Amino acid sequence: MKYCRFRAHGEVLYGLVESAAGRDEITRVLVTPPEEVGGDMEDLRTKRMDHIALEAAELAVPVRPSKIVCVGRNYREHAAELGHAIPTEPLLFFKPTTSLNAPGGTIRRPRISERTDYEGELGVVISKPCYKLADADDVRPYILGYTCVNDFTARDLQDKDGQWTRAKGFDTFCPVGPIVTDEIDPWAGIGVKTAVNGEVRQDGNTRDFIFPLDLVIRYISQVMTLLPGDLIATGTPKGVGPVVAGDVMEVSVEGVGVLRNAAVDE
């Protein structure tokens with residue numbers, strides 16, 4: 001299943017996304033949010049609507065998480081490019097839900113930062129409550145789907161603070177979208193790319209994760225309860241770099257689509 005959230009008639013709706021005539025279209029309104037039923041199509045209530053091309057829709061953030069849990073340095077070459085040691089266990093941090101940003105939204109570069117970086121990532125959306133999973137537990141039933149994330153970062157503030165809350169937490173610093181899909185398999189290898197002004201800057205693959213998704217989800221679940229709709233950002237490949245006002249970033253995850261956002265000065 002693929003779905004999005006979009007604006008229509010003054011409200012934000014969930015939409016079922018299907019391919020028709022070679023393009024993705026929003027074909028039905030999902031009356032029941034997918035995270036409320038764990039993505040089970042049999043329990044989803046839908047209603048008819050006039051089809052809308054996904055590229056023509058006014059898309060909203062496709063997730064409504066209680067928390068955004070991020071994994072730092074989950075690609076060896078990314079850790080190396082920033083001069084950091086390779087972690088021996090997942091390195092976790094949060095982004096606040098107020099940092100969420102929609103596809104097409106502008107990312108506001110704060111005046112107090114002199115360097116802001118893009119970080120394209122695979123995002124994982126949780127389907128049902130998840131706490132203290134055992135090593136033998138299959139994590140896949142706890143995954144509602146996957147999406148694109150731009151873990152935008154004030155790099156100079158990250159280096160200055162020594163911890164990452166401020167650098168990662170500004171409003172608009174977490175674009176997500178354009179859709180959520182359960183039709184890809186990160187364990188088999190999914191491409192993750194970021195382009196800036198049309199030039200590819202990052203080109204990674206989930207096969208290169210230091211910590212695979214099953215380990216990441218089990219690790220997080222030992223600490224906190226993951227709730228339906230919660231978002232996990234799984235780490236960024238090498239090639240991060242700065243952007244300035246006017247730059248357009250395009251994060252693409254194979255099988256998901258392209259998340260496009262522009263930077264502006266605050």
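The values are calculated or read from the model by the stated rules, or taken from the named source; none is laboratory data. Note that the coordinates shown come from a computational prediction; the quantities given were computed from them, not determined experimentally. Neighbour counts run over all protein chains shown; Cβ positions are idealised from the backbone, glycine included. Calculation scope for accessible area: heavy atoms of the full protein, side chains included, ligands and nucleic acids excluded. Shrake-Rupley method; radii C 1.70, N 1.55, O 1.52, S 1.80 Å.
Here are some notes:
- Going through (1) touching a residue at least 40 places away in the same chain (Cβ under 8 Å); (2) open to solvent by 10 Å² or more (accessible area, probe 1.4 Å) one by one, ALA233 falls short only on (2).
- Flag set for LEU157, criterion: touching a residue at least 40 places away in the same chain (Cβ under 8 Å), assigned to a helix (DSSP H, G or I) and more than 17 Å from the chain's Cα centre (by Cα).
- Close Cβ contacts (under 6 Å, 6 or more residues apart or on different chains) running from residues in the stretch 37-54 that are without any contact (Cβ under 8 Å) to a residue 12 or more places away in the chain to residues that are exposed (fewer than 15 other Cβ atoms within 10 Å of the Cβ) comprise VAL37/ASP43.
Let's see how each residue does on (1) touching a residue at least 12 places away in the same chain (Cβ under 8 Å); (2) part of a strand (DSSP E or B); (3) among the basic types (Lys, Arg):
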residue: HIS84; (1), (2), (3): no, no, no
residue: PRO87; (1), (2), (3): yes, no, no
residue: PHE94; (1), (2), (3): yes, yes, no
residue: GLY104; (1), (2), (3): yes, no, no
residue: ILE112; (1), (2), (3): yes, no, no
residue: LEU122; (1), (2), (3): yes, yes, no
residue: LYS128; (1), (2), (3): yes, no, yes
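- The stretch 185-223, subset among the β-branched types (Val, Ile, Thr) and open to solvent by 20 Å² or more (accessible area, probe 1.4 Å), residue nearest to ARG260 (Cα to Cα): VAL200
- Scope the stretch 53-89; condition surrounded by 22 or more Cβ atoms within 10 Å (Cβ to Cβ) and over 30 Å from ARG28 (Cβ atoms); matching residues: VAL69, CYS70, VAL71, ASN74, TYR75, HIS78
- Residue satisfying condition, being hydroxyl-bearing (Ser, Thr, Tyr), more than 30 Å from GLY162 (Cβ to Cβ) and out of contact with any His (no Cβ under 8 Å at 6 or more places or on another chain), within set TYR75, TYR3: TYR3
- Residues in the stretch 109-121 include at least one that is buried (at least 21 other Cβ atoms within 10 Å of the Cβ) and more than 19 Å from the chain's Cα centre (by Cα).
- Any hit, the stretch 175-184, residues being out of contact with any strand residue (DSSP E or B) (no Cβ under 6 Å at 6 or more places or on another chain), touching a residue at least 60 places away in the same chain (Cβ under 8 Å) and surrounded by fewer than 15 Cβ atoms within 10 Å (Cβ to Cβ): yes
- Residue satisfying all of: in the stretch 6-19; without any contact (Cβ under 8 Å) to a residue 60 or more places away in the chain and in contact with a Leu (Cβ under 7 Å, 6 or more places away or on another chain); surrounded by the fewest Cβ atoms within 10 Å (Cβ to Cβ) among these: LEU16
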